[in-house]
């Protein structure tokens, strides 16, 4: 998924692309943010740190915090986050987890939209792509998002 996130940032600076590749590394591996800084520099580490959820918190709290913190994210971080949400939504449309019913998919899509709608300076191309995928889910599975 990281390569899909990074490839969505075609007009980005090198550090933003590196951070996009690494966006989940601190959450999903034993790698620490200081290790990211040592290997890739403080700018990349700051971006990765800004997109990293605190895995010690319950999932519902992490999701709530993503919505709450969306307006406070830097413009560059917003690009990584929206590209990540696009990647996740595409995966749910094309090959969802086998145990996810339509309601679970809807909950994820609605939550992702709440995060993206909170961005104050989203990349307009990525925002349009996000909206397109959101509408595709609506068209395929639902008649109305409430």
*asked:* If I take R0 = 22 Å and measure r between the Cβ atoms of residue 104 and residue 62 in this structure, what FRET efficiency does the formula 1/(1 + (r/R0)^6) give, to the nearest 0.05?
replied: 0.85
*asked:* Could you sort the peptides 40-49, 120-129, 77-86 by per-residue average Cβ neighbour count (10 Å cutoff), highest mean leading?
replied: 77-86, 40-49, 120-129
*Relative contact order (percent) for segment 2-141, with alpha-carbon contacts under 8 angstrom and 6 or more residues of separation?*
26 percent
*Between segment 77-142 and segment 49-76, the Cα center-to-center distance that results, in Å*: 16 Å
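We did not get these values from a lab; they are worked out from the coordinates using the rules stated. In this text, all values refer to a predicted model and were calculated from it rather than measured experimentally. Cβ coordinates were reconstructed from backbone atoms using ideal geometry, including for glycine residues, and neighbour counts include every protein chain displayed.
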